[in-house]
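One structure below.
The values are calculated or read from the model by the stated rules, or taken from the named source; none is laboratory data. All figures in this text were calculated on a predicted structure; none of them were measured in a lab. Counting neighbours? That spans all protein chains shown, and the Cβs are built from the backbone with ideal geometry, glycine included. We work out accessible area using only protein heavy atoms, side chains counted, and drop any ligands, DNA or RNA first. Shrake-Rupley method; radii C 1.70, N 1.55, O 1.52, S 1.80 Å.
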Amino acid sequence: MRNSFAKAVGELADSHSELVLLAGDIGNRLFDAYKERHPERFYNCGVAEASMTGIASGLAATGLRPVTYTITPFNTTRCLEQIRVDICYPNLPVIIVGTGSGLSYASLGATHQSMEDIGFLRLLPNMNVICPADSVEVKLALKDAFRLSTPTYIRLGKKGEPLVHTTKPDFQIGKGITMQEGTDVAILSIGTMLPVALGCAERLEEQKISVKIVSLHTVKPLDTELLQDLFTHYPVIAVLEEHGIAGGAGSAILEWGNQNRVDLNKLYCFGGPDRFLTACGNQNEARQEIGLTAENITAIILQVINKI
């Protein structure tokens, strides 16, 4: 996903002279092609993410279009005050890109894991929160975020994520992408959980259960039209996210559902527990540890269906 972002931001800069890229002492070789074409519009801000955020807000205030990039917890949690006060409060068009989100850097421990970032960022007024599912959605998300001209957070994985889209989907911030239709269960996948969601669908369909799969790439603003339709027509709705169960997309949908008086008994949220992960392991091993696997999620959904 980060390679896709590097290519996409370079292409966007080719056609938009106001775009500037700021990095927190990371991805220097990743952005070689960008720097060759636009050396005057690349800033390595060093390991000073709060400063990078402040610089980006100042550049945006002059009419430029900054994009900041570094490892997710360093570009979100570490500089949350600057994002809130310097970017969101004046509603400046800064795009914040976090790489290695969720458990992508599971083996590096809690300092590099980001299971709270969606919650932190979606609470801020004026902020959009986008979680692309694969490299195709990354390119489309960056382009649409640039069009919006408002504070936007784009949550990336790291590298090697499966390519899910074989053709370019109709991507619009605030509108989910239906991957397949179904009638019995609706699964809303957030970001890189989409292959897991599709794996759940395969297992459920073996049990003669029809499954609708949606890539819900936008956590804020939510696709309320889609949600209203799902809660009207589906007895079981599952949300899959590589994020803490508190504060993420599932929580956002619960809040929306409470305000709109839908039947929230239909909703089942799958995410991380309210604790730090202290064991060592890669991303797949970390997902196994907290139950974010197709096998575990499918088993729970089957239990729910059998009780209906």
Report, by residue number, each residue of region 252-308 that is open to solvent by less than 30 Å² (accessible area, probe 1.4 Å) and more than 23 Å from D117 (Cβ to Cβ).
V262, A294, T298, I301, V304
Filtered residues of region 18-29 (kept if modelled with pLDDT of 95 or more and in contact with a Lys or Arg (Cβ under 8 Å, 6 or more places away or on another chain))
E18, L19, V20, L21
Quickly run through region 104-137 and pick out the residues that are open to solvent by less than 10 Å² (accessible area, probe 1.4 Å), aliphatic (A, V, I, L, M) and under 19 Å from D223 (Cβ atoms).
I118, L121, M127, V129, I130, A133
Residues in region 210-233 that are farther than 29 Å from M127 by Cα and open to solvent by 20 Å² or more (accessible area, probe 1.4 Å): how many?
2
Return the total of residues in region 183-198 being open to solvent by 10 Å² or more (accessible area, probe 1.4 Å) and not aliphatic (A, V, I, L, M).
4
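Return yes or no: is I209 in contact with a strand residue (DSSP E or B) (Cβ under 7 Å, 6 or more places away or on another chain), under 15 Å from Q303 (Cα atoms) and of a type outside the set (G, A, S)? Before you say what the answer is, go through the steps one by one.
Values: in contact with a strand residue (DSSP E or B) (Cβ under 7 Å, 6 or more places away or on another chain): yes; under 15 Å from Q303 (Cα atoms): yes; of a type outside the set (G, A, S): yes.
It is true that I209 is in contact with a strand residue (DSSP E or B) (Cβ under 7 Å, 6 or more places away or on another chain), under 15 Å from Q303 (Cα atoms) and of a type outside the set (G, A, S).
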Can you confirm whether region 157-175 contains a residue that is crowded, with 24+ Cβ neighbours inside 10 Å and over 30 Å from A279 (Cα atoms)?
no
Looking only at strands (runs of 3 or more DSSP E) that lie completely in region 1-87, which have at least 1 residues being open to solvent by less than 10 Å² (accessible area, probe 1.4 Å)?
19-23, 65-71
